[in-house]
Amino acid sequence: MTESLSGAPARIVFLDRETLAPETKLGSLSFPHEFVTYGKTAPGDVAARVADADIVITNKAPVKREAIAQARNLKLIAVAATGYDVVDVAACAERGIAVCNIRNYAVNTVPEHTFALILALRRSILAYAQAVRRGRWQEAGQFCFFDYPIRDLAGSTLGVIGDGVLGRAVADLGRAFGMRVLFSAYKGSTGMGPLYTPFEDVLRQSDIITLHSPLMPSTRNMIAAPEFSRMERRPLLINTARGGLVDEAALADALISGQISGAAFDVVTAEPPAPDHPFMRLLDRPDFILTPHVAWASSEAVQGLTDQLFENIDLFWAGTPRNLVI
């Protein structure tokens, strides 16, 4: 069993509680502890707030080498997310500090959000709703009007880039809608077998392309101007994975020039995006949707994430850690 160095109750510091919904219930722990919660923590305040912590919980607040070096009691950084790039894992490894993350909690919420975006664009739902608010229905003077395109999903081709749990779940939904599903091979890779379609062929053949890849050096800007030029069917492009997978300026150009039929993003390289970000000039377009990184955030998923987070901490303290990154 892990113990506080001083024999006192373990000091647990949650750096950014406000990254979880207010109604989310924090879990209980089976060992003596002091729990300190901050709504938000600026990067410059992290070191002071974790200096006496045995366990640090973070979602987006960065825990970097300087802060780790000053945290003399630190044993565990529990990341309240799947991605753990906010933590300097090399510095933790040098100190023997464990890092754990959350896994497989978004198997319903992200695929559902993905298809909400696909359906909204494919059937021009937001465009029609906005037109009705402007009085267009009365102006049309008949039972309906046809200002925006409406396309079925059945019979169309869905290209899925990313073959993890979420990509596979999205593929299952696509098949349920009667879509032909192509799983993309990794960009630049060959010989992945018959279940995968070459990346370039997915770009050419898909009516809708959806991204479910991690952000790594090999996937950063994997879709940029050259890739948009290969999209022969003018597909929809959906990103509920990570900002940075797509060259965002090139995306804006591709949408404006008509290389793609529409785009819906839930993630951006910098969140929130700056006022001069390329996406900000697209917000009034009927073929573009930007949601504020909430694909993961159904009430059920956030509560499941939080439950798993506290279970991870409890198991670590009991000497049976799980979901360890290092």
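Numbers below:
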{"item": "The chain: most fluctuating residue of 30, 124, 298 per GNM, C-alpha cutoff 10 Å", "result": "30"}
{"item": "Among 118, 77, 256: highest mean-square fluctuation, GNM of the chain, C-alpha pairs under 10 Å", "result": "256"}
{"item": "Rounded if a/c under 1.5, otherwise prolate or oblate - segment 41-81, Cα gyration tensor axes", "result": "oblate"}
{"item": "Euclidean distance of C-alpha centroids, segment 274-326 and segment 223-267, integer Å", "result": "22"}
{"item": "Cα-centre dipole for the chain with unit charges at Cβ (Lys and Arg positive, Asp and Glu negative), debye to 20", "result": "400"}
{"item": "Under the span-like rule (Cα at least 15 Å along the axis, Kyte-Doolittle mean at least -1.0), DSSP H helices of the chain", "result": "109-122, 165-176, 299-317"}
{"item": "Relative contact order computed over segment 30-121 (Cα-Cα under 8 Å; 6+ residues apart), in percent", "result": "22"}
{"item": "Stokes-Einstein D in µm²/s, Kirkwood radius over Cα pairs - the chain at 20 °C with 1.002 mPa s viscosity", "result": "99"}
{"item": "Rounded Å value of the spacing that divides the Cα centres of segment 39-113 and segment 123-184", "result": "38"}
{"item": "Accessible surface of the chain, 1.4 Å probe, proportion on carbon and sulfur as whole %", "result": "54"}
{"item": "Helical contribution to [θ] at 222 nm, DSSP H n ≥ 4, -39,500 (n - 2.57), averaged over the chain, rounded to 500", "result": "-8500 deg cm²/dmol"}
{"item": "Dipole of segment 138-288, positive end: most advanced residue of 166, 278, 143 [Cβ charges, Cα centre]", "result": "166"}
{"item": "Over the chain, relative contact order from alpha-carbon pairs under 8 Å, at least 6 apart, %", "result": "18"}
{"item": "Of 129, 81, 171, the one that fluctuates the most in a GNM where the chain has Cα springs shorter than 10 Å", "result": "129"}
{"item": "Listed residue (126, 93, 105) projecting farthest to the positive dipole end of segment 51-202, Cβ model", "result": "126"}
{"item": "DSSP bridge pairs, the chain: antiparallel proportion in percent, nearest 5", "result": "5"}
{"item": "Accessible area (Å², 1.4 Å probe, nearest 10) - residue 192", "result": "60"}
{"item": "Å² per residue, accessible surface of the chain at 1.4 Å", "result": "48"}
{"item": "Mean separation of Cα contacts under 8 Å, 6 or more apart, over the residue count of segment 229-326: relative contact order %", "result": "24"}
{"item": "Sequence ranges 90-102, 300-312, 201-213, 32-44, ranked by mean other-Cβ count within 10 angstrom, highest first", "result": "201-213, 300-312, 90-102, 32-44"}
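The values are calculated or read from the model by the stated rules, or taken from the named source; none is laboratory data. Quick caveat: nothing in here was measured; it's all calculated off a predicted structure. We place every Cβ from the backbone using ideal geometry, glycine too, and count neighbours over all the protein chains shown. Remember, those area values only see protein heavy atoms, side chains included, never the ligands or the DNA or RNA. Shrake-Rupley method; radii C 1.70, N 1.55, O 1.52, S 1.80 Å.
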